[in-house]
Every structure is written in C-alpha cells, then in structure tokens.
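Nothing in this text is a laboratory measurement; each read-out follows from the coordinates by a stated rule. Because the structure is predicted, anything quoted here is derived from the model rather than measured.
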Amino acid sequence: MADIVRPADVWADRDVPAETLLHHAEPEWEFRELVYGAGGSWDVVTPRLHIASHLDPLRQRLGPARAAFRTVAPSAAISAPGDHLAGAWEGAGRGQHVTVSPGFVAAAFERDMGAETVLKRHFAYQREPDTADTIIQHLLNCLSVDLLAGNPSGSVFLQTIVLAIVHHALRVPSTSVAVAPQPGGLSQRQLRIAMDLINEQLLGRPSLAEMAAALNVSTSYFCRAFRSSTGMSPHQYVIQQRVALARSLIETSTLSLSEVAQAAGFKDHSQMTATFRKALGMPPSHFRHSPRR
C-alpha cells in the first residue's frame, strides 16, 4: 500500500550524503527518515513547508562558518517555503523530515501559506527543548512506525497525522481551525457524498483532500464534521467498511482469506487478521463457517 523505499539513498541538500532509512512520497507531502554522516554542512532554500526532528544529540552551528558549534538536544525545527538555511553539524545522528506543499496547506486550512503564517523554529541550538518539540517528535515517529510496518493503518491515517503535524507548524487563527462544525456536522447529502467517495476508493488509498474538495470545505473541517456526524474519524470509518466487506466475502464466497484481504483493500492476509482481532476480537477464519449473528 505504501510507496516505501529502503535502499541507501542520498539527500542532495547536504554536502555529506545521508543514508535514507525510510522514504514515503505522496503528491502533496513527503516523509524521510535519515542517518546523517559524521559531519558536514548545508546551504539550501526550502521549496516547501519543512518540519524536521533530530532523534540524537548533535553538535551544530547555524549561519556562517564563524558561528560557534553548540550541542543540540533532540528537538524539532520548522521552516517556511523560501527560507534560506545554512549551517553545519558534527557527529552522526538520525532525523525525520516531512515536507508539505502549499496546496496541501491551502486545502487543509483554507488559507495560503506564507512566511508570516509559519511558526518557524530552529533546533534547540540556543533554547531548551519544549512541549512543541515533543509533540512534533511523537507525530513524526507515528509516521515512521506505521510506514516501517508497511502502512497497516492505511493512507487516511497517514494524512491525518500529517494534518496534525502541519497544524503545529502554522500560526492558524482560532477562527479557521478551532471553530467546531455546526451541530449535526455534515448534512445528509454531504455525508452521503463522503461515504460514496470512501466506498469508491476503498480498495485504493482514500484521499481526505478529495473528499473535502467534493464538499467544498477544508480538510480539517471535513475531519471534524465527519466525526460529529458519525461518531468516528474518516480513518475509523474506512477500517469499519473494509472489515464489513471482508467479513461478508468470507461468509458468502469461496475466496481464500488472502484473496478476501486483497478484495477488501487490505495489504495482505496478516494485516486483515490484525485488523479483525482489533475490531472484532477474533480472526477472519472464525467467520468462514460461522453464521452471521
């Protein structure tokens, strides 16, 4: 399901090649987990919103070569599109990076992304790590864990995590994010459109942005309104529908469990089994010859 690349790769922004441990690319955003070389420098202009987390302490300097190196604790950094970043580091370490297009931000929060809307921050170079560092680190690690497992949670889960990361990277007025959906959430017509789109894309990778665009609302509003209307997130609804489809096929067809998994949008039999155990408390095989209750 996930477009994952694990062979050694280089990240061209650095003068010392970085090994790519994990890479996942969507049209509007990209995730990389890297191992940096023992030392090097960077001098880049960021084309997208860039959120990064260093997982290990590093010695780092920011700016010109005359700047002093300082020991930097594991922490997060946020850069806006067009930012010029220069510096150097000493010591090997790991990092996780998400880059997000302006289009993703516009669809998610119904606003253009400019330098003034980004909550820029450097790594803990001349500051102590704080709560924002911890939150961003945990969210980036959620992406890493899910992708390393083969993305068992599906594309909607990844999109939801990226939305949360972007929310913590932007200076978003309360009127555009914190406003709750109207009582009742989506209208019946909107809910039907959303559910039809999910069912049409059930075997692939449902897109939150496409669903929101079909209703002419922002992605963040859509997620909140969908939960208000259904009592579950879009991701939970996708899982529910896949489980229901798979159970129906198990009970009514002669398809093997591996074939059922593929037909219901799961990556493989093992992913379907894990999802069934979590959702229904029993494996798919239980339903092969059991009457529906």
Seminar exercise, completed: Taking Cα atoms, the helix 155-169 axis meets the longest principal axis of the chain at an angle in degrees (rounded to 10) of 40
Problem set entry | In degrees, nearest ten, helix 131-148 long axis to first principal axis of the chain (Cα) | 50
Seminar exercise, completed: Cα extents of the range 183-293 per principal axis, largest first, Å, are 43, 25, 21
For this session: Working from Cα positions, state the angle (0 to 90°, nearest 10) between the long axis of helix 234-252 and the longest principal axis of the chain.
Result: 40
For this session: Return one quarter of the surface area of the convex hull spanned by the alpha-carbon atoms of the range 237-287, equal to its mean projected area, in nm².
Result: 2.8
Exercise. Among rounded, prolate and oblate, which fits the range 123-261 when a ≥ b ≥ c are the square roots of the eigenvalues of its C-alpha gyration tensor, a/c under 1.5 means rounded, and a/b larger than b/c means prolate?
Worked result: oblate
Seminar exercise, completed: Reduced to Cα centres, the span from the range 54-86 to the range 187-247 in Å works out to 40
Exercise. Which whole-number value in Å³ per residue fits the convex hull of the alpha carbons of the range 182-231?
Worked result: 68
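Could you work out the equivalent-ellipsoid semi-axes for the chain, taking the square root of 5 times each eigenvalue of the Cα gyration tensor, largest first, in whole Å?
39, 24, 14
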Problem set entry | Average Cα contact separation per residue, the chain, under 8 Å, 6 or more apart, as relative contact order % | 14
Exercise. So what is the 222 nm mean residue ellipticity for the chain from helices alone, if each DSSP H run of at least 4 adds -39500 (n - 2.57) and you divide by all residues, rounding to the nearest 500 deg cm²/dmol?
Worked result: -12000 deg cm²/dmol
